[in-house]
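Read the structure below first, then the notes.
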Amino acid sequence: MQYGLVALLWGGWCVLHSVLATRRVVDGLQRYAGTIYRKYYRLSYNGISVVSLVYIMLYTRQIANEPVWVWTGMALAVPVLFVGLAAVVFVAGLRRYDMRQFLGWAQMWGIDGRGIAVGGKVDTRGILRVVRHPWYLAVLLLLWARDLQMADLVVNAVLMLYLVVGTMLEERKLIADFGDEYRAYQQRVSMLVPWKWFKQWIGGKN
């Protein structure tokens, strides 16, 4: 029962997080709120997401259950590798994403942010040559770089499903914005797991 509630809470958070970012909601808020929307939507969106996430995380931590998987011995190298890769990918993403815009500061102060475009075209430099959504990849790595209890497995399953579905929905918006340019980018670069880059890298070594 308690694990079902955990799944429901995390699933509800994922749905809320996605719905608030849909075109219909965003366009509706922009139509009715105007300038207030442009200044404070992103900041409010992040605030709601963080506060609700902290509450759900605290509730999940209160559930007492036995470990299902514990990294021990030589296997400890795996979570260390995952955390290291996640850190590298996240920092590389910082070089391409505008954190002021991501957090909502740019919109609040009327600062122009670069978003994911450079000169009106999709930014495909740096880490974005390797994977289209580096921060989502970093989250996936961190999800499994820890000892796991049953509640953690439930959370990981929900979040992995959310990351895949949410990324696909985000891709639909990017195609609507950039059209064939983004479709060509999809053909060249993997969405989450950089197998296309790895294949090209291996090919270049031979």
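Points to keep in mind about this one:
- DSSP H segments from the chain that extend 20 Å or more along their own axis, Cα-based, with Kyte-Doolittle mean of -0.5 or above: 2-19, 35-62, 77-94, 150-178
- Dipole in debye (nearest 20) - the chain, about Cα centre, beta carbon charges: Lys, Arg +1; Asp, Glu -1: 700 debye
- Candidates TRP195, MET74, ASN46 compared by Cα position along the dipole of the chain: farthest toward the positive end lies TRP195, with charges placed on Cβ.
- Candidate values [x] 27, 26, 18; [y] 30, 26, 15; [z] 26, 20, 15, label of the one derived for semi-axes √(5λ) of the Cα gyration tensor in Å: [y]
- Excluding same-chain neighbours fewer than eight residues apart, the aspartates and glutamates reachable from LYS173 by a Cα-Cα span under 15 Å are ASP27, GLU181.
- The range 114-202 - percent relative contact order, Cα under 8 Å, separation 6 or more: 48 percent
- Here the simple spin-label model places points 7 Å from the Cα toward Cβ, and for LYS39 and ARG129 these points are separated by 4.2 nm.
- Mean Cα-pair separation over length for the chain, i.e. relative contact order, pairs under 8 Å, 6 or more apart, %: 28 percent
- The chain, accessible surface, carbon-and-sulfur percent (1.4 angstrom probe): 68 percent
The values are calculated or read from the model by the stated rules, or taken from the named source; none is laboratory data. Predicted model only: the values in this text are computed from it and were never measured. Ideal geometry is used to build each Cβ from the backbone, glycine not excepted, and the neighbour counts take in all protein chains shown. When the accessible area is computed, the model is the full protein with side chains, heavy atoms only, and any ligands, DNA or RNA have been set aside. Shrake-Rupley method; radii C 1.70, N 1.55, O 1.52, S 1.80 Å.
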